[in-house]
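The structure appears below as structure tokens.
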Amino acid sequence: MSRALPAPSAEPAGCSRRQFLAFGWIPFLRPSHIHLAGARFRILRSGRSSRRYLFIHGNEETARAVLTRFMQTQEGIAYLIEGHARNVSIDSGQIDPNRMFSRAGAEASLKNLNPAWSPQQREAALRALDRGREHLVRALLPPRRGVLVALHNNSEEYSVTEEVPISDATSLREPANPHAFFLCTDPADFAVLSQSPYNVVLQHDKPSVDDGSLSHLAARRGVRYVNLEVRLGQADRQLEMLRWANWNLP
Ligand SMILES: [Zn+2]
């Protein structure tokens, strides 16, 4: 079950600007966590920036450390998943938290990770996700013209090579290091990021198969989204790329 928490936001819904100015800064009025099923995110806030940051796979410890360190000096709101496993609990089973953002994606992940579940068990879990999904999505997505940057780590099995065939544009300035790359959904962001010395792909067109990832949801909704991938362990490189993007993106 996923019970609604008060909506966390830099400018809380249902709250007038005057109220916000008067009370918005009081930290205890704003939730410190948000969750969907077993995916529980700690919320770090700093300043009034429209930047949003996300760490969603608990086993990608390099990305967690980089984002935690970055937020000590930069403005924005960061969501960091708790726990240290890639998948999170849901009822008696598990789901990949980056496959929860559509029913189709969640269903595929539940089938894959819980092969012994009955269709009824799956349906109950999907209904709970349907009830809570939009609450989490509203919190994670940036305000208008803001950007959401998600940090991930990869290993041998995944690199920009897998994304190139399904991308709308690519700029591979570092072909010898395919594990480090940006994936973005906005052509203007691609234009900026492709001036960097790093690999970049653009996935702007709505994906034909919705895998339930946040990048697909962002593409569907026209939201500026940037995935920052580096190989697990390459903290200096991930921080460097994060700083480059933060400095150069509008
Ligand atoms: Zn990941």
Pairs, first in contact (Cβ under 8 Å) with a residue 60 or more places away in the chain and within 17 Å of Val88 (Cα to Cα) in the range 50-65, second assigned to a loop (DSSP other than H, G, I, E, B) and not acidic (Asp, Glu), C-beta under 7 Å, six or more apart: His57/Arg86; Glu60/Leu232
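Looking at Pro115, Pro187, which is the one that is touching a strand residue (DSSP E or B) at 6+ places or on another chain (Cβ under 7 Å), of a type outside the set (A, V, I, L, M), open to solvent by 10 Å² or more (accessible area, probe 1.4 Å) and at pLDDT 95 or above? Walk me through it before giving the result.
Details: Pro115 fails: touching a strand residue (DSSP E or B) at 6+ places or on another chain (Cβ under 7 Å).
After applying the criteria, what remains is Pro187.
Which one is nearest to the ligand (Cβ to nearest atom), of the residues in the range 40-49 that are under 27 Å from Arg145 (Cβ atoms) and within 15 Å of the chain's Cα centre (by Cα)? Walk me through how you get there before you give the answer.
Taking the range 40-49 and keeping what is under 27 Å from Arg145 (Cβ atoms), we get 41-49.
Okay, now just the ones that are also within 15 Å of the chain's Cα centre (by Cα), so 41-44.
Working: Phe41: 14, Arg42: 17, Ile43: 19, Leu44: 19 Å.
Among those residues, the one meeting the criterion is Phe41.
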Looking at the range 158-191, which of its residues are of a type in the set (Gly, Ala, Ser) and within 16 Å of the ligand (Cβ to nearest atom)? Ser159, Ala180
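Take Arg144 and decide whether it is of a type in the set (Lys, Arg) and either at pLDDT 95 or above or on the phi > 0 side of the Ramachandran plot (or both). Please lay out each step first, then the result.
Working: of a type in the set (Lys, Arg): yes; either at pLDDT 95 or above or on the phi > 0 side of the Ramachandran plot (or both): no.
In short, no.
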For residues that are over 26 Å from Gly132 (Cα atoms) and open to solvent by 30 Å² or more (accessible area, probe 1.4 Å), tally how many sit in the range 50-67. 2
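From Ser213, Ser194, grab the single residue that is buried (at least 17 other Cβ atoms within 10 Å of the Cβ) and within 16 Å of the ligand (Cβ to nearest atom).
On the way: Ser194 fails: within 16 Å of the ligand (Cβ to nearest atom).
Result of the check over Ser213, Ser194: Ser213.
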Just give me the residues in the range 145-157 being more than 9 Å from the ligand (Cβ to nearest atom) and surrounded by 13 or more Cβ atoms within 10 Å (Cβ to Cβ), in sequence order. Gly146, Val147, Leu148, Val149
May I ask you to list the residues in the range 218-250 that are in contact with a Gly (Cβ under 9 Å, 6 or more places away or on another chain) and of a type in the set (A, V, I, L, M, F, W, C)? Val223
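The values are calculated or read from the model by the stated rules, or taken from the named source; none is laboratory data. No experiment lies behind these values; they were computed from the predicted model shown. Quick reminder, even Gly has a Cβ in these numbers, built from the backbone with ideal geometry, and neighbours come from all protein chains shown. Please note that ligands, DNA and RNA were not included when accessible areas were found on the heavy atoms of the full protein model with its side chains. Shrake-Rupley method; radii C 1.70, N 1.55, O 1.52, S 1.80 Å.
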